[in-house]
Amino acid sequence: MVEKTGTENEGRKSLSFVEQMIETDLAENKNSGKIQTRFPPEPNGYLHIGHAKAICMDFGVAENYNGVCNLRFDDTNPSKEDTEYVDSILNDIQWLGFKWGNVYYASDYFQQLWDFAVWMIKKGLAYVDEQSSEQIAAQKGTPTTPGINSPYRDRPVEENLRLFAAMNTPEAVEGAMVLRAKLDMANPNMHFRDPVMYRIIHTPHHRTGTKWHAYPMYDFAHGQSDFFEGVTHSICTLEFVPHRPLYDKFVDLLLEYQAESGIVSDSRPRQIEFNRLNLTYTVMSKRKLHTLVDEHLVNGWDDPRMPTICGMRRRGYSAQSIKNFIRSIGYTKFDALNDYALLEAAVRDDLNACSCRVSAVLNPVKLIITNYPEGKTEEMEAVNNPENENDGTHSITFSRELWIERDDFMEDAPKKFFRMSIGKEVRLKNAYIVKCVGCKKNLDGEVEEIYAEYDPLSKSGMEGANRKVKGTLHWVSVAHCLPAEVRLYDRLFSVENPAADERDFRELLNPTSLTVLDNCYVEQYVKQKQPGDFLQFQRIGYFTLDPDTTADKLVFNRTVGLKDTWAKMNK
């Protein structure tokens, strides 16, 4: 054995356990040193961040070890699948920055799987069962109690072949028959107790139309599809651990079938399992996500509150921030519940480095600089991104009347209030130091206007203008800004682990997960931006333009605040 150096050992420790297993296989020259993975989504919904974890693993391993990762759609249940989902999956993977080697479909192998099933029937390894699904389930027993054989388990081969062929006809009745593998009804692994291989479905398939009426089950199709494609490492999540022996059994039988046909293979796929990605304050169940969409509890699959990749993209999350988050939590053999705040922290870190800083006022009150000449304007220089000077600057117009945040003014302020209050000075960012001299209120006592005087010698960048004041406020010019709608998004659920809560998950929705502000203002420079561009509204948070934006109406989504306020609010 070659002894590892300290540096080599340290590098190995930084690898995930999956990568360590792959390196062991490479060292032993398994599969002739070839690395091939696959990402196998079922096109029955939109991908969520849990799928992103699998994508990063499947594609990342292939990239790191000079292999290939193919995309294979597990389209074996036409009653739930649609080309809409196929297209969305392709878009999401590309947006995350990964490239597949080939695109395959489980339906590519329907004939091969059918022929293999026929071979199993002829070998006495499969039979047609005419019991109901409830009867079959009742006969399976428990992990400590053997199952009971089906009354159809020993029917003649010729009868099984005839009935199996009948299953694939328009006249077959859904639920009337299934094809089961004849394995071991006493096996402690429940998946070995004569698992269902085929069932009848008459919904037209999105690729094959009405050619097929009997469709393979996942456990029968998946390992064989891996084998047909030459997959070396079939990487999946922990719930498939008990499926692995059945996966291997079907591959063993497939090798035997092919050997009888004169086909010899020196490679086979190896299944490896890692922990799923679970997040607080959300759900990952496709059934529940479908319910949220179908019952209009959210505004579609790409609602920015959804854990879908397209929802996070619309909210303003960057692909890199999602990948950074997944890298930070790692891959283990133990399921865990990850704090949503960790994801948001990764988003903040990435957006801080790449977002353009702009001024926006979400809860406006008018500030009038009484000694600034009426009609005069100035173009102030604003830095686009202090983290990257190559991003340059842009101009923002300054004038006598400005909008500032209502929360930035307090008439009778406490000692440690360093924003605007009567008799105190603050700096208007990129502009002048002003001193508040009074305010005007309406009959309800609400402040309508604030009055201040500016120091003409305090302009930012002016020589000698760097005298210190404790507060700096953002602003936009009343006559030179754009109206906007701003959507403030928060946690979709009000409880930390809705998936584990026994109540109906609809009752757990956060009633304040979306707040719409329709009286906001942004600086004119924002008009140049597009949906998907990353923005920081200074002193407020990170935002992006929503696709609902039109030529007449700007709509922004809050991606994440500058700080994590949720934890503090919910202590």
Within the stretch 285-367, DSSP-loop chymotrypsin sites (Phe, Trp or Tyr not before Pro) with at most 16 other C-beta atoms within 10 Å are Phe334
So, over other residues within a Cβ distance under 12 Å of Pro498, counting Lys, Arg +1 and Asp, Glu -1, the net charge is -1
For the chain, longest principal axis from Cα atoms; helix 49-64 axis from its Cα atoms; angle between them, nearest 10 degrees, is 70
Heads up, the stretch 245-394 by the C-alpha gyration tensor (a ≥ b ≥ c square roots of eigenvalues; a/c under 1.5 rounded, else a/b over b/c prolate, else oblate) looks prolate
Only helices counted: for the chain, with every DSSP H run of 4 or more residues adding -39500 (n - 2.57) and the sum spread over all residues, [θ] at 222 nm is -8000 deg cm²/dmol
Spelling it out for His233: with amide H atoms placed in the peptide plane at 1.01 Å from N, the residues 5 or more places away or on another chain with amide H under 5 Å from its amide H are Gln36, Arg270
Cα pairs beyond 25 Å in the stretch 26-142, in percent, come to 45
Taking only protein heavy atoms and a 1.4 Å probe, the highest-to-lowest accessible-area order of Met284, Met190 is Met190, Met284
In the stretch 164-201, the trypsin sites (Lys or Arg not before Pro) that sit in a DSSP loop and have at most 15 other Cβ atoms within 10 Å of their own Cβ are none
So, over other residues within a Cβ distance under 13 Å of Ala117, counting Lys, Arg +1 and Asp, Glu -1, the net charge is +3
Everything considered on the Cα gyration tensor (a ≥ b ≥ c; rounded for a/c under 1.5, else prolate if a/b is larger than b/c, else oblate), the stretch 387-452 must be described as prolate
Scoring only Lys, Arg, Asp and Glu (+1, +1, -1, -1) among other residues with Cβ under 13 Å from the Cβ of Lys249 yields -2
The stretch 299-355 and the stretch 507-558 have their Cα centres apart by a whole-number Å value of 18
Beyond 30 Å (Cα-Cα) in this structure, taken from Lys53/Lys563; Lys123/Lys333; Lys288/Lys333; Lys470/Lys563, we find Lys123/Lys333
Between Arg491 and residues 5 or more places away or on another chain, the pairs with built amide H atoms under 5 Å apart involve none
Under a 1.4 Å probe, counting only protein heavy atoms, Leu535 has an accessible area in Å², nearest 10, of 0
Here the relative contact order (percent) of the stretch 30-148, from C-alpha pairs under 8 Å and at least 6 apart, is 24
Of the candidate values [x] 101, 61, 42; [y] 91, 57, 48; [z] 81, 61, 55, the one computed for Cα extents along the principal axes in Å from this structure is [x]
Shape call for the stretch 117-246, from the Cα gyration tensor axes a ≥ b ≥ c (a/c under 1.5 means rounded, otherwise prolate when a/b beats b/c, else oblate), comes out oblate
To the nearest 10 degrees, the tilt of helix 83-96 (Cα long axis) against the first principal axis of the alpha carbons of the chain is 60
Per residue, the convex hull enclosing the Cα atoms of the stretch 469-531 spans a volume in Å³ of 156
Rounded to whole angstrom, the alpha-carbon centroid of the stretch 172-194 lies from that of the stretch 227-293 at a distance of 19
Computed over the chain: longest principal axis from alpha-carbon atoms vs helix 17-27 long axis, angle to nearest 10 degrees, is 50
Expressed as a whole-number percentage, the relative contact order of the stretch 119-170 with C-alpha contacts under 8 angstrom and at least six residues apart is 43
Under a 1.4 Å probe, counting only protein heavy atoms, Ile540 has an accessible area in Å², nearest 10, of 40
With every protein chain in place, the accessible area of His296 for a 1.4 Å probe, in Å² rounded to the nearest 10, comes to 150
The distance between the Cα centres of the stretch 28-93 and the stretch 375-393, in whole Å, is 44
For the stretch 415-478 the GluC sites (Glu not before Pro) that pass both the DSSP coil test and the at-most-15 other-Cβ-within-10 Å test are Glu446, Glu463
For the chain, the percent of accessible surface on carbon and sulfur atoms (probe 1.4 angstrom, ligands and nucleic acids excluded) is 48
Filtered hits (aspartates and glutamates, Cα-Cα < 18 Å from Lys140, offset >= 8 within chain) -> Asp129, Glu130, Asp154, Asp184, Asp194, Asp219
For the chain, averaging the sequence separation of alpha carbon pairs under 8 Å that lie six or more residues apart and dividing by its residue count, the contact order in percent is 11
extent check for the stretch 395-521: Cα max minus min per principal axis, descending, whole Å, gives 64, 37, 30
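The values are calculated or read from the model by the stated rules, or taken from the named source; none is laboratory data. Note that the structure is predicted; figures quoted are calculated from it, not measured. Note: ideal-geometry Cβ built from the backbone for every residue, glycine included; neighbour counts use all protein chains shown. Accessible surface is based on the protein model in full, side chains and every heavy atom, while ligands, DNA and RNA are left aside. Shrake-Rupley method; radii C 1.70, N 1.55, O 1.52, S 1.80 Å.
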